[in-house]
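See structure below.
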Amino acid sequence: MLKFQPPGFGHKVIHTSLGAMVYYTQTNAPWALADTENLPPLLFLHNFGGGASAYEWSKVYPAFASNYQILAPDLIGWGESAHPVRDYQIKDYLSTIAEFIIQTCRQPVTVVASSLTAAFAIRLAITQPNLFQRLFLVCPSGFNDFGQGSGRRLPLSVINTPVVDDFIYSLGAENEIAVRNFLESFLFAKPQRVSQEMVEAYLTSAQQPNAKFAALAFLRGELYFDLSLYIQQLTIPTVIFWGEKAQFTNIKSGRRLANLNPNAIQKFYAIADAGVLPHLEVPEILIGLLQGYLG
């Protein structure tokens, strides 16, 4: 996955309770490397779904590399990080993301996260607020918000059938045609914005050994929860961005979530003509919005 990173970025590794977590940060010119670790940390957390990885944020974070220590990990089970063979649970991600922050950040961190991982960030910010400074979240969703399940498109009886789950993963995530179709049809508002590089990056991540276990846990809904039951407890200053054409997690639900906690959620931005990944589809828009807060 390193070949898909922007110039000047390399990878480092920390060790969590579930294995090695690879992350991308400034390692080479043109970034000023001498004091990078003394810069305030800016953590980018990627979405879930077949082929997901830190690549998702790679069009955005270079814009902030002069003023922040960029931290963009592949979460456990994704990208180049460890892929333990296990039945992944919500607690696996809450614990390993917290471990990552504790090991890499000397001060409270500003987090930029998307979708289900953004919802995990909210839960962590509630239980361990000392770790966080601010949250910038794109389409945060527990995928079962207000008790309305979204995202699961296949019956559990099919997904859980031995051999069939292998077939589903190989058919849906491990070939170029399927990956391109998924990006164009479900994640982006405008298919023409999907580049060959994007397809290759997602395909490379999806083809990592044992990558199916985290992806199938997500597909089965084992990582879903009702974010509306938690978001009212959030106290960390938060800004939400939402692609107006996001599938699975529609903007109406997003506004409803934001309205549950107007004290912590300071602003809700609708991004026109964008799907659930505006930071990959129209990165210049999200960069511009973030710069208004981050400088």
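The values are calculated or read from the model by the stated rules, or taken from the named source; none is laboratory data. The shown structure was predicted, so the numbers you read here are calculated from the model rather than taken from an experiment. Note that we place each Cβ from the backbone using ideal geometry, even for glycine, and neighbour counts take in every protein chain shown. All accessible areas refer to the heavy atoms of the entire protein, side chains included, with ligands and DNA or RNA removed. Shrake-Rupley method; radii C 1.70, N 1.55, O 1.52, S 1.80 Å.
Values computed for the structure shown
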{"quantity": "Options 259, 263; residue that is more than 30 Å from residue 284 (Cβ to Cβ), out of contact with any Ser or Thr (no Cβ under 6 Å at 6 or more places or on another chain), open to solvent by 50 Å² or more (accessible area, probe 1.4 Å) and at pLDDT 95 or above", "calculated": "263"}
{"quantity": "Top-ranked residue of region 271-295 - restricted to ones that are open to solvent by 40 Å² or more (accessible area, probe 1.4 Å), among the aliphatic types (A, V, I, L, M) and in contact with a strand residue (DSSP E or B) (Cβ under 8 Å, 6 or more places away or on another chain), ranked as farthest from residue 69 (Cα to Cα)", "calculated": "285"}
{"quantity": "Residues located in region 206-229, provided they are within 23 Å of residue 258 (Cα to Cα) and either polar (S, T, N, Q) or open to solvent by less than 10 Å² (accessible area, probe 1.4 Å) (or both)", "calculated": "223, 227, 228"}
{"quantity": "Where residue 16 falls short, out of the listed (1) out of contact with any strand residue (DSSP E or B) (no Cβ under 7 Å at 6 or more places or on another chain); (2) over 18 Å from residue 77 (Cβ atoms); (3) modelled with pLDDT of 90 or more", "calculated": "(2)"}
{"quantity": "Meets criteria (touching a residue at least 60 places away in the same chain (Cβ under 8 Å) and either surrounded by fewer than 22 Cβ atoms within 10 Å (Cβ to Cβ) or not small (Gly, Ala, Ser) (or both)) for residue 203", "calculated": "yes"}
{"quantity": "Single condition residue 72 does not satisfy, out of (1) part of a loop (DSSP other than H, G, I, E, B); (2) open to solvent by less than 30 Å² (accessible area, probe 1.4 Å)", "calculated": "(1)"}
{"quantity": "Single match in 66, 53 (criterion: surrounded by 19 or more Cβ atoms within 10 Å (Cβ to Cβ) and either among the hydroxyl-bearing types (Ser, Thr, Tyr) or in contact with a Gly (Cβ under 8 Å, 6 or more places away or on another chain) (or both))", "calculated": "53"}
{"quantity": "Sole exception among (1) more than 26 Å from residue 185 (Cβ to Cβ); (2) open to solvent by less than 10 Å² (accessible area, probe 1.4 Å); (3) assigned to a loop (DSSP other than H, G, I, E, B) for residue 29, by number", "calculated": "(2)"}
